[in-house]
Amino acid sequence: MKFIKDLLLLSKRAFYCSYKNLDLYVFQSVLFVLQFFIFTTTVQFEKSPIIIPITLIQIVIVILSTGFMYSIPYFITLRQKNELVSFPFVIQVSFRNFIRSLFLIFLYLLFFVVLGLVSLVFAYLFSMHWESVFTLFSQDALIMLIVFFPISTFFPIYFSVEKKSVSQSVKQSIITVAKEWRLSLVVLVMYTLILFAPQLVQGMNIPGMKEEYIQFVYGVIRDYFYFVIQIAILLYYQKFIRSSKVQLTK
């Protein structure tokens with residue numbers, strides 16, 4: 001009962017904190033809008049020379065988005081200390097944290113290599129086509145969520161706030177997810193609901209709106225809830241995990 005009460009209080013504080021840091025969410029949304037716009041217009045310039053600069057811009061946006069995602073807890077922590085977090089600073093830190101996270105990206109790629117080998121064995125044992133098995137595994141959103149959830153839940157906090165290395169951040173994230181299993185279960189359920197929300201809106205016939213625009217609106221709303229969840233995890237970490245560590249060291 002106390003856990004539920006604490007969780008509701010943290011949720012309230014997370015939404016309030018997201019409101020106070022709305023500019024960070026706007027920055028995240030701008031990156032999403034740019035990605036969406038480039039993705040939907042790339043086909044038109046596929047055979048045009050302009051496709052090269054468009055592709056380069058898309059790569060820069062992906063790099064910036066990835067680094068920003070890993071840096072959100074750090075920016076919120078600075079704001080809690082009333083320190084200045086300007087947009088040039090956000091861009092600089094996001095690029096720096098992307099470079100620091102390259103080893104994690106390598107681990108993700110290694111995972112898919114292993115997945116390919118497992119798919120090959122699976123296809124051989126059950127007389128199935130390798131590509132069909134690999135596609136089944138790699139495109140199953142729920143499987144990917146369950147696999148990467150322990151790694152990614154607390155990773156941005158240990159990586160950007162505690163300034164730990166990628167390997168240490170991954171290790172600490174997995175350990176913390178296991179220890180804080182109640183919070184982890186709640187977050188996993190929320191991520192699952194957000195993940196499968198597109199299936200609820202897929203095929204919806206809203207007068208005056210094309211399906212891609214519905215997906216666009218969904219993406220903006222999804223990013224906001226991800227933003228709030230990251231803040232809630234940070235607040236939980238500050239109150240129940242880091243504070244207990246400080247008490248143990250006293």
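Figures for the structure shown
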{"read-out": "Per-peptide average of other Cβ atoms within 10 Å, ordering 24-30, 217-223, 103-109, 73-79 highest first", "value": "73-79, 24-30, 217-223, 103-109"}
{"read-out": "25 Å Cα-Cα threshold exceeded, pairs from Lys179/Lys239; Lys81/Lys179; Lys81/Lys239; Lys20/Lys164; Lys5/Lys179", "value": "Lys81/Lys179; Lys20/Lys164"}
{"read-out": "Label-point separation, Met1 to Leu195 (7 Å along Cα→Cβ), nm", "value": "3.4"}
{"read-out": "Under the Karplus curve 6.51 cos²θ - 1.76 cosθ + 1.60, θ = phi - 60°, whole-Hz ³J(HN,Hα) for region 174-185, x wherever Gly or Pro sits", "value": "4, 5, 5, 4, 5, 5, 9, 5, 5, 5, 4, 5"}
{"read-out": "Per-peptide average of other Cβ atoms within 10 Å, ordering 229-237, 62-70 highest first", "value": "229-237, 62-70"}
{"read-out": "Virtual paramagnetic centre 7 Å along Cα→Cβ of Lys81, amide N under 12 Å, in region 145-167", "value": "161-163"}
{"read-out": "Sites matching trypsin sites (Lys or Arg not before Pro) across region 5-47 that sit in DSSP coil, with at most 10 neighbouring C-beta atoms within 10 Å", "value": "Lys47"}
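Bear in mind these aren't lab numbers, they're just calculated from the coordinates by the rules spelled out. Predicted model only: the values in this text are computed from it and were never measured. Neighbour counts are summed over all protein chains in view; Cβ atoms, including those assigned to glycine, are modelled from backbone coordinates with ideal geometry.
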